[in-house]
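Visitor: Below is a structure I'd like to ask you about.
The values are calculated or read from the model by the stated rules, or taken from the named source; none is laboratory data. Because the structure is a prediction, the values reported are computed rather than measured. For neighbour counting, all protein chains shown are included, and Cβ atoms are generated from backbone atoms with ideal geometry for every residue, glycine included.
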Amino acid sequence: MHIAILDKEKCHPKKCNHECQAYCPPVRSGTPTIEFNQGEDIYPVITENLCIGCGICVNRCPFGAIKIVTVPDELNKDIVHQYSENGFRLYSIPVPSKGITAILGPNGMGKTTTMNILSGITVPNFGDYKNAGDRDSVIEKYSNSILGDYFKSVYSGEKKVVLKSQFVDQIPKVAKGTIGEILSRSDSQGNLDRIIEQLGLGNSIDKDVKSASGGELQKLAMGVALLKDGDILLVDEVSSYLDISERLRVAKILTDLAAKGKTIFVVEHDLAILDWISDQIHLVYGSPGVYGVIVQQKSPNKAINQFLEGYLKEENVRGRRKLSSSKKVQAEER
């Protein structure tokens, strides 16, 4: 099975000669593997079950807008969410567990999509991208399982879910006022002073959000999430923009909340922080911008070691390629 991904931000059908279609071997043989839409949506559509995976369209596209990746046929039978016909797809989601559950993997493989699904913002469509996801279908799909109970409690409002987004740099575009004022608007239970002290925001509460640093925005986002006091806390990137002391401060807050019975999901790249706070870790594999698969949970030690082994193996392959290229140049010079 070949997955075909079209990046519409890169694709410019009016500025090219439709090379993807013109050079496609099946198209040249009469098979409509790549067709261009008419009207407003002028982008090409790649019919995946007709694609032979030759990769010519990938190389011929002048804008680098196409990716073709081969995956096992069995994998494509269990899509959790797909964005569009030639769009990214996610094949699995983590099962909620007690304590802090972390999701670890490269960018572009569905970690943020997973957090949006767990928060209830995105409802899985199970590959039916032409229709919006249906909550009843999700509950039925995962019935008699932990995930079924989880989504039932989230969708019904029985459990309050709070999501801390990774896009803290966007806060000044959607919020106005000082850091203290924004936090005050989220304080429904009189915990403002405590949260400000825990996050070390005392010297920043009078600063306008538009002039706040990245670290202050990160702590502001964490503060708002903590003040909402949800039963389930989803933290998409804990430590970006924070120095080591601030990372440890936030990590301590999360471990204390987990000890009190909160269900917490964390997406994070700082392995030291993950090793400290996580009770279990789900690794993610796939192809950036194409698809992602979240594997079953592992112990922090085993998951981090496995992640590092994969990373070091990839870097070793890159290094060997560079070395081989260098040797080739030296040989040519001789």
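Visitor: Which of the residues belonging to the range 55-100 are touching a residue at least 24 places away in the same chain (Cβ under 8 Å), charged (D, E, K, R), more than 24 Å from Tyr23 (Cα to Cα) and surrounded by fewer than 17 Cβ atoms within 10 Å (Cβ to Cβ)?
Guide: Once the filter is applied, which keeps residues that are touching a residue at least 24 places away in the same chain (Cβ under 8 Å), charged (D, E, K, R), more than 24 Å from Tyr23 (Cα to Cα) and surrounded by fewer than 17 Cβ atoms within 10 Å (Cβ to Cβ), the range 55-100 yields Asp73, Lys98.
Visitor: Still on this structure: Out of the range 293-302, which residues are surrounded by 16 or more Cβ atoms within 10 Å (Cβ to Cβ) and either modelled with pLDDT of 95 or more or out of contact with any Ser or Thr (no Cβ under 8 Å at 6 or more places or on another chain) (or both)?
Guide: Lys298
Visitor: Still on this structure, please answer the following. Can you tell me which residue within the range 110-154, out of those that are among the hydrophobic types (A, V, I, L, M, F, W, C) and over 19 Å from Phe265 (Cβ atoms), is modelled with the lowest pLDDT?
Guide: Ala132
Visitor: Also, I was wondering about something else. Checking Glu9 against (1) in contact with a helix residue (DSSP H, G or I) (Cβ under 9 Å, 6 or more places away or on another chain); (2) in a loop (DSSP other than H, G, I, E, B); (3) on the phi < 0 side of the Ramachandran plot: exactly one of these is not met. Which one?
Guide: The one condition Glu9 does not meet is (1).
Visitor: Quick one: which of Lys173, Lys210, Lys219 is touching a Gly at 6+ places or on another chain (Cβ under 9 Å) and in a helix (DSSP H, G or I)?
Guide: When all the criteria are applied, what remains is Lys219.
Visitor: Condition first: at pLDDT below 90, under 22 Å from the mean Cα position of the chain (by Cα), of a type in the set (A, V, I, L, M, F, W, C) and crowded, with 20+ Cβ neighbours inside 10 Å. Can you find one or more residues in the range 233-241 that meet it?
Guide: Among the residues of the range 233-241, at least one is at pLDDT below 90, under 22 Å from the mean Cα position of the chain (by Cα), of a type in the set (A, V, I, L, M, F, W, C) and crowded, with 20+ Cβ neighbours inside 10 Å, which makes the answer yes.
Visitor: Continuing with the same structure: Looking for something in contact (Cβ under 8 Å) with a residue 12 or more places away in the chain, over 28 Å from Asp73 (Cα atoms) and in the same structural domain as Ile66 (by TED's automatic domain parsing) - is there at least one such residue anywhere in the range 35-45?
Guide: Yes, the range 35-45 has at least one match.
Visitor: Which of the following residues is touching a Lys or Arg at 6+ places or on another chain (Cβ under 6 Å), surrounded by 14 or more Cβ atoms within 10 Å (Cβ to Cβ), in the same structural domain as Gly108 (by TED's automatic domain parsing) and farther than 23 Å from Ile117 by Cα: Ile139, Ile196, Ile179?
Guide: Being touching a Lys or Arg at 6+ places or on another chain (Cβ under 6 Å), surrounded by 14 or more Cβ atoms within 10 Å (Cβ to Cβ), in the same structural domain as Gly108 (by TED's automatic domain parsing) and farther than 23 Å from Ile117 by Cα holds for just one of Ile139, Ile196, Ile179, which is Ile179.
Visitor: Moving on. Kindly list the number of the only condition in (1) more than 22 Å from the chain's Cα centre (by Cα); (2) over 30 Å from Asn86 (Cβ atoms); (3) charged (D, E, K, R) that fails for Lys160.
Guide: (1)
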